[in-house]
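Peer 1: One structure, as structure tokens, below. Some questions next.
Values quoted throughout were computed directly from the atomic coordinates according to the rules given, and no laboratory measurement underlies them. Just so it is clear, the model here is predicted, and its values are computed rather than measured. Cβ sites come from the backbone with ideal geometry, for glycine too, and all protein chains shown count toward neighbours.
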Amino acid sequence: MGGYATHLECSFTGERYPEGRLHNLSDAGKPLFARYDLDAVRKAVSREEIASRRADMWRWRELLPVRDDRNIVTLGEIESPLVPIPRSGGRGVVVKDESRLPTGSFKARGMSAAVSMAKELGVTRIAMPTNGNAGAALSAYAARAGIECIILCPLETPEANVREIAAHGGRVYRVDGLIDECGAIVSRGAAQGLWFDMSTLKEPYRVEGKKTMGLELALQFGWKLPDAVFYSTGGGTALIGMWKAFAELEALGWIGPDRPKLFAVQSTGCMPIVAAYRKGEEHAERWENASTIASGIRVPKAIGDFLILRAVRESGGSAIAVPEEDILAARDEIAAKDGLLLCPEGATTLLAYREALANGWVGEGEDVVLFNCATGLKYPLAERAGSLRKNALPDLSSL
């Protein structure tokens, strides 16, 4: 069912590179994209056949790069559900809940694709920087594939993630720096031939797994697309991947030209993409002293900054920074009103939606998707439990 990838292409210059061999960045130092023979895909499979398959990430097999099915490394990447949040979000607002995926986050999609390709191309050792969930996913998929992995994380990485990485056999090290500084160490080791660098967008295939979120949206919305998508943005592979997915679907004739407005959401504690968007710039400057409770978006410098900004602008969306001090309150509100415990990154999207609604960038009742990228159970929660003495109970009506 595989084998439709034809080549890799520099996302900045368009220069072509052969697929079927290991690559990191292009000669221009930019991310590479996998390209497919979409005419052959169209002849081989219909959207109706896709829809009839088991509802998981690999139903999109023809649009994923692995050639030999025996190399697919999977832990059961389900199609994540769309869950309405009428009390906190209002009519038309749904959460695409990526917390249902293996290791509890959307990172499973990228790692399933990337580790599958690493296996196919003979990689035996991988290294990567992480703010938490990506490292947890890599360690799980590397364990599944029998590939050794080394993971570097900032000191502020959630403890649950660090221990999860180690539990899956990953060699994890805390580093006294931010994620881009961890990445610089990984790059140094890769240059010495010690490992393959699996950093965000520094290899071509994590984004291929992430694009399945966009493919799923098209199917779930009846081969149309929602009016707006809000995604918390650090390295940006999710927005970049979805934008790529929409283009491929249109080229196949499976959707029309309409696109959702894409909103890249960051915290005021780390907002390089928002700052660049406001200035009309193509690239973002490094955000100094980055700090946010939403650790997954504590990315001071994204290598795919121009791709994020391009997708946001082409879609007619925006980049929004939400107040750092409001994030946990938004998370708690959704949990208490609608029963979904989002991660802090996911909670930022509700705040951004409300700002977009107030500014008229989206309309009341439009089809809006807020992405929850990970389970909230990996993050510290406030202690709010009362206590009772079983032999000295109060009037139970007071409870």
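Peer 1: Loop only by DSSP, 15 or fewer other Cβ within 10 Å of the Cβ. Give me the trypsin sites (Lys or Arg not before Pro) in segment 76-121 that pass, ordered by residue number.
Peer 2: Taking segment 76-121 and a limit of 15 other Cβ atoms within 10 Å, the loop trypsin sites (Lys or Arg not before Pro) found are 87, 91.
Peer 1: Using a 7 Å offset from the Cα along the Cα-to-Cβ direction at both residue 163 and residue 23, what is the distance between the two label points in nm, to one decimal?
Peer 2: Taking the two extended label points, one gets 4.1 nm.
Peer 1: Still on this structure, please answer the following. Relative to the Cα centre, what is the charge dipole magnitude of segment 1-149, using +1 at the beta carbon of each Lys and Arg, -1 at the beta carbon of each Asp and Glu, and rounding to the nearest 20 debye?
Peer 2: Computed about the Cα centre, the dipole is about 360 debye.
Peer 1: Evaluate the distance, in nm, between pseudo-label points positioned 7 Å from the Cα of residue 281 and of residue 313 along their respective Cα→Cβ axes.
Peer 2: My value for the distance between the label points is 1.3 nm.
Peer 1: Cα atoms only, segment 119-181: Rg and Dmax in Å?
Peer 2: Every Cα atom of segment 119-181 included, Rg and Dmax give 11.1, 34 Å.
Peer 1: Enumerate the calculated ³J(HN,Hα) couplings along segment 29-39 in order (Karplus 6.51 cos²θ - 1.76 cosθ + 1.60, θ = phi - 60°), each rounded to whole Hz, writing x wherever the residue is Gly or Pro.
Peer 2: Working through the residues one at a time gives x, 10, x, 9, 10, 6, 10, 10, 7, 6, 5 Hz.
Peer 1: Here is a further query. What order do you get for 267, 232 when you list them from fewest to most C-beta neighbours inside 10 Å?
Peer 2: So the ranking, lowest neighbour count to highest, is 267, 232.
Peer 1: I'm a student and want to see the number: the projected area of the Cα convex hull of segment 170-275, averaged over all directions, in nm².
Peer 2: The directionally averaged projection comes out at 9.0 nm².
Peer 1: Let me ask another. Pairs of alpha-carbon atoms within less than 8 angstrom and 6+ residues apart define the contacts here; what relative contact order does the chain have, in percent?
Peer 2: 17 percent
Peer 1: Quick one: which residues, 5+ away or cross-chain, put their amide H under 5 Å from the amide H of residue 343? H built at 1.01 Å from N.
Peer 2: 373, 374, 376
Peer 1: Okay, moving on. Quick one: which of 110-117, 237-244 comes out on top by average Cβ neighbours within 10 Å, and what's the full order, highest first?
Peer 2: By packing density, highest mean first, the sequence is 110-117, 237-244.
Peer 1: Also, quick follow-up: So what's the convex hull volume per residue for the Cα atoms of segment 294-359, in Å³?
Peer 2: That works out to 102 Å³ per residue.
Peer 1: While we're looking at this one, here's another question. Just want to confirm a number: the relative contact order over segment 299-399, from Cα pairs under 8 angstrom separated by 6+ residues, in percent.
Peer 2: Value for segment 299-399: 22 percent.
Peer 1: What is the order of 326, 176, 97, fewest Cβ neighbours within 10 Å to most?
Peer 2: Taking fewest neighbouring Cβ atoms as first place, the list is 176, 326, 97.
Peer 1: Using the Cα centre of the chain as origin and beta-carbon charges of +1 (Lys, Arg) and -1 (Asp, Glu), tell me which of 275, 75, 377 is placed farthest towards the positive end of the dipole.
Peer 2: Selected residue: 75.
Peer 1: Still on this model: Evaluated at 10 °C with a viscosity of 1.306 mPa s, what Stokes-Einstein diffusion coefficient in µm²/s does segment 1-111 have when Rh comes from the Kirkwood expression over alpha-carbon pairs?
Peer 2: D = 96 µm²/s.
Peer 1: With +1 on each Lys and Arg Cβ and -1 on each Asp and Glu Cβ, how big is the dipole of the chain about its Cα centre, in debye rounded to the nearest 20?
Peer 2: Its charge dipole is roughly 700 debye.
Peer 1: Does segment 242-376 come out rounded, prolate or oblate by the C-alpha gyration tensor, with a ≥ b ≥ c the root eigenvalues, rounded set by a/c under 1.5 and, if not, prolate when a/b is larger than b/c and oblate if not?
Peer 2: It is oblate, given that a/c is not under 1.5 and a/b is not larger than b/c.
Peer 1: What nm value, rounded to one decimal, do you get for the distance between residue 174 and residue 13 when each label is placed 7 Å out toward the C-beta?
Peer 2: Result for the modelled spin labels: 4.2 nm.
Peer 1: Can you pull the semi-axes for segment 350-399, root of five times each eigenvalue of the Cα gyration tensor, sorted largest first, whole Å?
Peer 2: After diagonalising the Cα gyration tensor, the semi-axes are 42, 17, 9 Å.
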